[in-house]
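Visitor: Structure in structure tokens, see below.
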Amino acid sequence: MASILAVDDSPSVLKMVDFALKTRGHEVTTAVDGQAALESLERRRFDLLVLDINMPRLDGLSLLKLVRERAEWKDTAILMLTTEGQDSDRDEALALGATGYMMKPFRPNELLARVSAMVSETP
Amino acid sequence: MTTESDLDAQLLAQMREDFLAESGDILERLGPKLVELERDNRRDLIEDIFREVHTLKGAAGFVSLNGIQGLAHKMEDTLDALRHNKIAVTAELIDAGLSCVDLLSAMRDDALAGGEGQMDIAPLAARLEAIQAGDIVAPAAAGEAARSPGEAAGSLRVDTATMDRLMVEMGELITARNALLADAARLKDDALSEDVTSISRLIRQLQDAVTSARMAPVERLFNRFIPVVRKLARERGKLVRLKIEGAQTPMDRTVSELLYEPMVHLMRNAVDHGLETEAERERAGKPPEGLVRLSADRRGDNVVLTVSDDGAGIDPRRVRASAVKLGVLAQEAADALTDDQAVRLIFSSGLSTAAAVSDISGRGVGMDVVRQSVRQLRGNIDVRTELGRGTAFTIELPLVLAILQVLVVRADGQPYAIPLVNVHETLLVEPTAVKTMQHGEVLFLRGTPLPVRDLRDWLAAAPGQPARETAGDGARPAVVVGLERGKEVLTVDELMGKRQVVIKPLSDYLGYVRGVAGSAIMDDGTVMMVLDVEGLLFVQESDLPRSAHGGRSA
């Protein structure tokens, strides 16, 4: 069980991620873009961020950078969601300190497997 | 493990539904944004369009709509080339982009109808690749990234069918309340009357809430015309500017949907026939670019939509001449018309033939159909025109509308609508099958005696109408209606079939008229009353013997 912030500008993807994670008892908060995610981060602590890259207002890479620059958020695990053809974005995300990435589309169970591996590593 | 694959299947099936709603919104926004990009080549707009297409592609992949995913991917590639100034914004690029939106929408429609949303995307993909291979260096786009805010938070998507149902149930609730009102009046019980009054107030509030939930800014409808007008202008080789005003005016969603077709017609007429060619405009001392104005405004309980152009206007003399030539009017009748009346002839079906096209600048084509569509929504359409200055069509519609399934019947030559929820079955009643019992006439239906009443009796009981003398001979069609106190048989002159009608409540100052739930418009434009069967048959009972109308009707 972990507290997770899921961020994606696609409502259907976000809802699916939200539902999938909740079936495993995770506590999930959702945000529709980086700016909304930042506001959630300011309010409370999360174990894991599931983060889309291309979003309005504040994109995933910019948010990732902000998170890694803040001492209190430095240890938060971050799973980036990428799509085919976004190789340079993916590499940049890893260079900026993302914990891992997943290529869309994925099956809900693949996401659950990745998430449980990532949160168990987090102290 | 089965549970795992079940979870996948379940979540992805749910996601497909969500995706279909989400993609509809994206596609609706994309057309207008592409047209805007052609006029205003802004960096942030390119980024915005790119992101929309990217989101569409990403989400489509999850739900295995490979056609949509594939074409969105191709579009994304082209937009990426645009982002990196490898290609420029050209009319060809925008054309191709709009064609993509059309094909994506068609694939989405197919998926929505239960198909796999798979269509041939190869020709469009090839067009996009050709554009990308153009290798034109674009001038750097001006303007800095002023990102648009995300979608409004706290909103919920409800499909129109659900909203329609909510409205129908609301109507049923009102019908039931009316029966209660009637009971309270009959029983003369103060406590009951008070309770009914407070329930009425709550229903009124609920009705307001349901009505406002049906409302959405007319913007969605208007935005659909942006690509349409651009396409028409390009086809006709005219310069056209579309100006939109009052896009935030709220309107019933279903009405918005039903207005699309007739309004496309008005837009097409404006671009095709209303606006002159560039050369003609210059000769007339007008700016080369024609203006089509689309506006919405709230006027009391009505919404007024206007489609206007600054074109040549309609010549009343030519309309008169066409009307005479086509045999719609005699010469003297045509001459007797004022100019305004003559111009309104374009709404008559006789002038809506292809033969009239050249004579009156094609203004008549399909205008009768437009008027018919507007009337079905209980609206009015009118036209004002000034030679050399332009033409304006105004559509005025009531704000509050509801959709209801009804059975249309005829009695004394008039159509009446009975809400389908009240209808159990229809049958033919032989006069010999009707028996006279102590409390009136009954019909034995499968062994059960049911009271029989003639709808014409109720009509005769209405104020100012003489009572009917005798019932007609021979078998009469009848409707078995379900009431709170049981089934009853209502005989009529003719059963005209099931319809979905838009019902409008009687105006507030008329208040509650017993037996009438509201009015609706028939396909041919005539108005019919929608019956409140519960209230109607209560009147019947209290009015026996059927001489004059019931005294307390308010």
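Every number in this text was worked out from the coordinates using simple rules, so none of it is lab data. Note that the structure is a prediction, hence the values are computed from the model and not measured. All Cβ positions, glycine included, derive from the backbone under ideal geometry; neighbour counts span all protein chains shown.
Visitor: I need B:PHE444, B:PHE225 ordered by Cβ neighbour count within 10 Å, fewest first.
Guide: Result, fewest neighbours first: B:PHE444, B:PHE225.
Visitor: Related question: Given A:LYS15/B:LYS57; B:LYS86/B:LYS243; A:LYS74/B:LYS86; A:LYS15/A:LYS65; B:LYS435/B:LYS487, which pairs have Cα atoms separated by over 28 Å?
Guide: B:LYS86/B:LYS243; A:LYS74/B:LYS86
Visitor: Under the rule of at least 5 residues apart or a separate chain, name every residue whose amide H is placed under 5 Å from the amide H of B:HIS424.
Guide: The list, which skips near neighbours in sequence, is B:VAL480, B:VAL481, B:GLY482.
Visitor: Mind checking the dipole of chain A: about its Cα centre, +1 per Lys or Arg Cβ, -1 per Asp or Glu Cβ, Debye to the nearest 20?
Guide: Roughly 380 debye for chain A.
Visitor: Sequence-distant or interchain residues sharing an amide H contact under 5 Å with B:ASP532, placed H: which?
Guide: When sequence neighbours closer than 5 places are left aside, the close amide H contacts are B:GLY515, B:VAL516, B:ALA517.
Visitor: Which of rounded, prolate, oblate describes segment A:3-116, given a ≥ b ≥ c as roots of the alpha-carbon gyration tensor eigenvalues and a/c under 1.5 marking rounded, otherwise prolate only if a/b is larger than b/c?
Guide: Numbers: a/c = 1.37, a/b = 1.08, b/c = 1.27.
Rounded.
Visitor: Cut-off under 23 Å on the C-alpha distance; same-chain residues fewer than 8 positions from B:LYS238 excluded. Which lysines are left, in chain and number order?
Guide: Result set, ordered by chain and number: B:LYS33, B:LYS286.
Visitor: If neighbour count is taken as other Cβ atoms inside 10 Å, put A:ASP87, B:ASP159 in order from fewest to most.
Guide: Going from least to most buried by this count: A:ASP87, B:ASP159.
Visitor: Which ³J(HN,Hα) values in Hz, rounded to whole numbers, follow from the phi angles of segment B:65-77 under the Karplus curve 6.51 cos²θ - 1.76 cosθ + 1.60, where θ = phi - 60° and Gly and Pro get x?
Guide: With the stated coefficients, segment B:65-77 comes to 8, 5, x, 5, 4, x, 5, 4, 4, 4, 4, 4, 4 Hz.
Visitor: If the reach is capped at under 20 angstrom between alpha carbons, list the lysines near A:LYS22, excluding any in the same chain fewer than eight residues apart.
Guide: Answer for A:LYS22, where 20 Å is the Cα cut-off: A:LYS104, listed by chain and number.
Visitor: Another question, then. Per-residue HN-Hα couplings for segment B:267-279, Karplus 6.51 cos²θ - 1.76 cosθ + 1.60 at θ = phi - 60°, whole Hz, x for Gly and Pro?
Guide: Once rounded to whole Hz, the list reads 5, 5, 4, 4, 6, 5, 10, x, 7, 7, 6, 4, 5.
Visitor: A follow-up question, please. Would you kindly derive the ³J(HN,Hα) couplings of segment A:44-58 from the backbone phi angles with the Karplus curve 6.51 cos²θ - 1.76 cosθ + 1.60 (θ = phi - 60°), listing them in order in whole Hz, with x for Gly and Pro?
Guide: Those phi angles translate into 7, 8, 10, 7, 8, 10, 9, 10, 6, 9, 8, 9, x, 6, 9 Hz.
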